[in-house]
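Presented below is the structure to which this report refers.
The values are calculated or read from the model by the stated rules, or taken from the named source; none is laboratory data. Quantities reported herein were computed from a predicted structural model and do not represent experimental measurements. Cβ coordinates were reconstructed from backbone atoms using ideal geometry, including for glycine residues, and neighbour counts include every protein chain displayed. Keep in mind that these areas ignore ligands, DNA and RNA; they rest on the heavy atoms of the full protein, side chains included. Shrake-Rupley method; radii C 1.70, N 1.55, O 1.52, S 1.80 Å.
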Amino acid sequence: MALAKSTHLEILRLLKQNQGAFVSGVVLAEKVSISRPAVWKHIKRLKALGYEVQSHPRLGYMLVEVPDSLEREEIFPNLTTSWLARSYHYLPTTGSTNDHGLVLAAGGAPHGSLVVAEEQTKGRGRLKRQWLSSAGRGIYLSILLRDLLPIRVAPQSSFVGSLALVKMLRKEFDIPASIKWPNDVLINGRKVAGILTETQSDQDFSRFIVLGMGINVNHTKEELSGPFRYPATSIAIETGYAVKRQEVLLRFLEGFERDYERFIKNGLAALLPEIEQYTTMIGKTVTVVFGEREITGKACGVSDEGALLLLGEEGSRESVWAGDVVRIEGGF
Ligand code: BTN
């Protein structure tokens, strides 16, 4: 007998309503209009998905523990956004969520579509670097944005991602997260998240943006001790306890939606005071590498188009549009 696709979700809903208490097999069978042996088959399926369900010959079934999975059925009941992630694409494993997002975009997927994976086999970062994407540890996501933006403005959307994450980490976890211009989020000088935006443009306007973000959530120190370009950390390392990825994802999406709406309505200028507040390199001497060039100067702000404003030793002023900050006075 083939199992109906949504019946296990209906059973899950009934078990969740009674979490911590037994629900008899007879009641479950009646409520979803299937036989008792069929109920058992659906329970086995839930167990295979990571739900801990206790079975008792007389009392029935009790939901003991829900896995920290990013599947739609775990996220949707608690998702409060209005347009973001309403089209939700969950992948147990994929090459890169950005690649998947680009395919969805080409196929006409709606604004705000979200791709989220448990694992990436070809997760990529800026400058063709690799992004560590071990299964179940982090959050690997891509958001499809379809506002028509001038091509100079489109990359500014990555600030929305870093700002929303920094504010969420500070508010929900009380950790001193900061923005490392232009695309990284650091905690205590170590990288916890990175952003890779990819756009497709006509002559003057971006047709869509795929904003990809990788967040280290429950990675251990050992996992992050590899030969990375910058020292890395995870939320769990900083808090000292394992963190629910579901919570991180939900709170991030809510904050991102709010800040993205502010960005679209009033431009990056609306977010600048907060961006500067959380960009800890402001006021310090930094070295930025871009292409073949390296430039050192005092970071004195971020322009309302997202450039890093540097003041050279002789008083020269320079706006840096993209690059890698490789040194910060006093360390990252
Ligand atoms: C960087 O710091 O260089 C950016 C890292 C971006 C990684 C994320 S993980 C989800 C999305 N899919 C990818 O292949 N990359 C981005």
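Name the single residue, out of those in the stretch 112-132 being within 10 Å of the ligand (Cβ to nearest atom) and open to solvent by less than 10 Å² (accessible area, probe 1.4 Å), that is nearest to Tyr88 (Cα to Cα).
Val115
Name the one entry in Gly315, Gly301 that is of a type outside the set (A, V, I, L, M), out of contact with any Lys or Arg (no Cβ under 6 Å at 6 or more places or on another chain) and crowded, with 16+ Cβ neighbours inside 10 Å.
Values: Gly315 fails: crowded, with 16+ Cβ neighbours inside 10 Å.
When all the criteria are applied, what remains is Gly301.
Residue by residue through the stretch 17-41, note down the ones that are part of a loop (DSSP other than H, G, I, E, B), open to solvent by less than 60 Å² (accessible area, probe 1.4 Å) and closer than 13 Å to Gly60 by Cα.
Gly20, Ala21, Ser24, listed by residue number.
For residues in the stretch 51-69 being assigned to a loop (DSSP other than H, G, I, E, B) and of a type in the set (A, V, I, L, M), which is most open to solvent (accessible area, probe 1.4 Å)?
Only one residue tops the list, namely Leu59.
If you check Ser96 against the conditions, is it touching a Pro at 6+ places or on another chain (Cβ under 7 Å) and either open to solvent by less than 20 Å² (accessible area, probe 1.4 Å) or closer than 21 Å to Arg207 by Cα (or both)?
no
Conditions (1) over 29 Å from Thr285 (Cα atoms); (2) in a helix (DSSP H, G or I); (3) aromatic (Phe, Trp, Tyr), marked per residue:
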{"residue": "Ile195", "(1), (2), (3)": "no, no, no"}
{"residue": "Arg207", "(1), (2), (3)": "yes, no, no"}
{"residue": "Arg251", "(1), (2), (3)": "yes, yes, no"}
{"residue": "Glu261", "(1), (2), (3)": "yes, yes, no"}
{"residue": "Ala269", "(1), (2), (3)": "no, yes, no"}
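With respect to Ser201, is the statement that it is of a type in the set (S, T, N, Q), open to solvent by less than 10 Å² (accessible area, probe 1.4 Å) and in contact (Cβ under 8 Å) with a residue 40 or more places away in the chain true?
Considered against the rule, which asks whether it is of a type in the set (S, T, N, Q), open to solvent by less than 10 Å² (accessible area, probe 1.4 Å) and in contact (Cβ under 8 Å) with a residue 40 or more places away in the chain, Ser201 comes out as no.
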